[in-house]
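Everything on this sheet refers to the single structure shown next.
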Amino acid sequence: MKLKNVLIGFGVALGALALAVAGIEGARGRGAVQNDQGQRGQFGFEVRKVVDNGRVAGEFHFKLGGNERRVEIAMPKALGFNRDGNRAGFGGKAKMVTVIGRNRVVREGTVRVHVADNTSPDHPTDTPDRLGLRFEAARGNFVFEFGGAVAEGDLVVFERN
């Protein structure tokens with residue numbers, strides 16, 4: 001019985017060590033992005049990938065406009081993630097809600113988000129972080145794109161071992 005408990009304990013410790021050694025890369029952020037026309041959209045996201053097994057987890061939310069006229073995009077579960085230095089891309093199935101007055105249109109589709117982490121508290125630069133998104137409806141040929149410089153908040157692209 002003691003040998004069995006020791007082996008179970010060893011297995012749990014080995015599993016914990018494997019998780020600690022597995023690299024994780026990801027991106028997270030919250031704030032406002034401003035496009036070239038001066039429109040500001042609010043965003044929030046956190047997406048990460050375990051490098052060894054490719055498992056991806058995370059979510060993304062975006063809102064443009066106010067109560068009477070707005071666009072909201074929600075991706076509750078990220079299905080893909082890639083990182084190249086300070087840049088990252090991720091995406092997944094999403095729902096887009098468009099509200100104009102009393103009219104509300106809901107579209108199912110996919111969203112692809114690209115971010116660039118150009119700033120850090122330790123190394124401020126004149127180049128702001130950037131975020132861009134593209135939503136494509138599953139039915140029809142509807143596409144919504146938005147992107148620009150992060151005007152408020154921050155986003156971070158990271159890698160941990």
Working only within the range 69-90, note down all residues that are in a strand (DSSP E or B), modelled with pLDDT of 95 or more and open to solvent by 50 Å² or more (accessible area, probe 1.4 Å).
ARG70, GLU72, ASN82, ARG83, ASP84, ARG87
Go through the residues of the range 93-103 one by one and say whether even a single one is at pLDDT below 95, basic (Lys, Arg) and over 14 Å from the mean Cα position of the chain (by Cα).
yes
Taking the residues in the range 121-138 that are open to solvent by 100 Å² or more (accessible area, probe 1.4 Å) and closer than 13 Å to ASN86 by Cβ as candidates, determine which candidate is modelled with the highest pLDDT.
ARG130
Meets criteria (out of contact with any Leu (no Cβ under 7 Å at 6 or more places or on another chain) and at pLDDT below 95) for GLY44:
no
Determine if the range 52-63 includes at least one residue that is over 14 Å from the mean Cα position of the chain (by Cα) and open to solvent by less than 60 Å² (accessible area, probe 1.4 Å).
yes
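The values are calculated or read from the model by the stated rules, or taken from the named source; none is laboratory data. Note that this is a predicted model, so its numbers are computed, not measured. Virtual Cβ from ideal backbone geometry, glycine too; neighbours counted across all protein chains shown. Heads up: the accessible areas ignore ligands, DNA and RNA and are worked out on the full protein's heavy atoms, side chains in. Shrake-Rupley method; radii C 1.70, N 1.55, O 1.52, S 1.80 Å.
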